Amino acid sequence: MRYLMLIRPDMDNLPEGGPDEKLNEDMGRLIEEMTKAGVLLDTAGLRPFDEAARVRLANGETTVLDGPFTESKEVVGGYCLLQTRSRDEAIEWATRFLRIHGPEWTMELELRELDEA
Amino acid sequence: MSDQPIDRAVTRAVDAAWRIEWPQLVAVLTRLVGDITTAEDIAQDAHLAALEQWPRDGVPSNTGAWLMVTAKRRAVDRIRRDATLARKLPLLEGELLADLDSAPGDPASVVDGEIRDDMLRMLFTTCHPVLSRQSQVALTLRLIGGLTTEEIARAYVTATPTIVRRISRAKRTIRDAGVPYEVPSGGELAERLDAVLEVVYLVFNEGYAVTAGDGWMRAELCAEALRLVRILCGLMPAEPEVFGLAALVELQASRLRSRHDADGRLVLLRDQDRTRWDRLLIRRGYAALGRAHALAHERGGAPGRYALQAAIAAVHAMAATSDDTDWRRIAGLYAILAARFPSPIVELNRAVAVAEVHGPAAGLDLVDAVVDAGSLDEYHLLHAVRGDLLARLGQQGEARKEFLRAAELTANAAERSLMLSRARD
């Protein structure tokens, strides 16, 4: 089964200066471990939210909304595409991903299984 | 709220971490205690310790390292009680002290390189020539893939006790033959690596084109083969043919969803809905193929048999429609494959490509040469291909005979019904 893991850091409580050197190192190591375990199929971080564009459909009309957007709770900062044998294994990898972040971080990961029927 | 849901969540966390770490634990412990079954027992002790301690003391920050250090401690206890293992003690104590010296919770505290080396030793043990191919497959799925015996039995539509017996017999054979726990070197490596790659490809093919039973594929086996080959890429990042096989398997797996219709009938490559091909797997296949070529080039060697087959699969993947297929290129790649790794199966596939480039008569000449050689007479696809070419040449009577022969020879019900329906056309 494949899971899309959406990474949502709390934008109102970002640590100053962003990820430190230790986090970058640990992240590199975890990504390598997940790749070598055959779990990580794809991953990327996203450009800052204020560069985003939104294209919306309502009442048959399309509108293009440019940033900056004020709401910040649901902002996706990056994603991983995981392949695991079970939901619990996906949760365990997600937990490992969170644990390498220090206590200065608040974030939420959302795991969504791909519908591959 | 009671504690029970929390306990259950922790138990599930233990089990998930345990499933992820199990092959690594057994691989490391086997080196330390010299026996796979003893290693499995000790790993099981670590699992029980986690089930007991994590709900009480909280989930450790590095679950993998916790399990590894705990397992090694249990190994020391076991060795102290067991006189025949006692000579191992100095080795184990040295290693354990090194682990305990590093900061707890530091992901580096379990040395990655050490685990990788032990996984490689295990891989070459489970694929050792002292074992039958069937035993190699079962043991590799169990000890490298970390599948349970029940899962292996289900995937192969076999009774669990049969798999249990097969695996314990294989472990006994390894012990009795005194198979050294090591990665082969020099000229032996290439030969032994071939066996490893064959085992993984066999798992994939078993899932891709089921030879017995009524399903077209057992998706689980394909998924396991994909996982195994991705693990192999991590273990042997400099071996071109590992990436050649990875490319082949990723590219073939990209078509899994479109190989059968809603009623479970086979859909041939030329009739498949290409919008259903998995673009991510295709992209991963291209990347692996690029890596295979680069590594082969670095070594001054030509692409191996898997890289060549992957290159053919890549030509199909690049064609937006069946008519866009670059058959000339495919025929050329089959010619190289046939020259370097001659086999009647390759010749048969080359005939299909040649028929697309130069017409069915040219293809039929090649097929008839394979027929004359005689070795594929019992192979249903020989008759299926010959039937197809004859039908295209308007020789319906001859074609019908070939389709009926193919239907008779195949063990797959879906394939049989396709052949019978073509015989009626």
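Taken together, the values in this text are just the output of simple stated rules run on the coordinates, not laboratory data. Given the structure is predicted, the values throughout are model-derived calculations rather than measurements. Ideal geometry is used to build each Cβ from the backbone, glycine not excepted, and the neighbour counts take in all protein chains shown.
Of note:
- Candidates B:166, B:87, B:133: whichever shows maximal mean-square fluctuation once chain B is modelled as a Gaussian network with Cα springs under 10 Å: B:87
- Set of aspartates and glutamates with alpha-carbon distance to residue A:22 below 17 Å, sequence-local pairs under 8 removed: A:32, A:33, A:104, B:106
- Helical mean residue ellipticity (222 nm; -39500 (n - 2.57) per DSSP H run of 4+; nearest 500) of the protein assembly as shown: -20500 deg cm²/dmol
- Leading residue at positive end of dipole, chain A (Cβ point charges), from A:114, A:55, A:91: A:114
- Given R0 = 35 Å, the distance between the Cβ atoms of residue A:20 and residue A:71 translates into a calculated FRET efficiency of 0.80.
- Centroid-to-centroid separation of the range B:245-289 and the range B:365-388 [C-alpha atoms, Å]: 26 Å
- Listed from fewest to most Cβ neighbours within 10 Å, the set B:276, B:405 follows the order B:276, B:405.
- Given R0 = 30 Å, the distance between the Cβ atoms of residue B:51 and residue B:86 translates into a calculated FRET efficiency of 0.55.
- Taken about its Cα centre, the protein assembly as shown carries a charge dipole of about 1600 debye when Lys and Arg each add +1 at the Cβ and Asp and Glu each add -1 at the Cβ.
- The modelled label-to-label distance for the pair residue B:265/residue B:392, using points 7 Å beyond Cα in the direction of Cβ, is 2.1 nm.
- Charged-residue dipole, Cβ positions (Lys, Arg, Asp, Glu), the range B:294-338 about Cα centre, Debye nearest 20: 220 debye
- Cα gyration tensor shape for the protein assembly as shown, rounded if a/c is under 1.5, else prolate or oblate: oblate
- Annotation for residue B:35 and residue B:185: the two label points, set 7 Å from Cα along the Cα-Cβ direction, are 2.9 nm apart.
- Cα gyration tensor, the range B:337-425 - rounded (a/c under 1.5), prolate or oblate: oblate
- Applying the Karplus relation 6.51 cos²θ - 1.76 cosθ + 1.60 with θ = phi - 60° to the range B:269-274 yields 3J(HN,Hα) values of 3, 5, 9, 6, 6, 5 Hz, where x marks Gly and Pro.
- Rounded to the nearest 0.05, the FRET efficiency derived from the C-beta distance between residue A:104 and residue A:52 at R0 = 30 Å is 0.75.
- Taking 7 Å steps out from each Cα toward its Cβ at residue B:408 and residue B:362 produces label points 3.3 nm apart.
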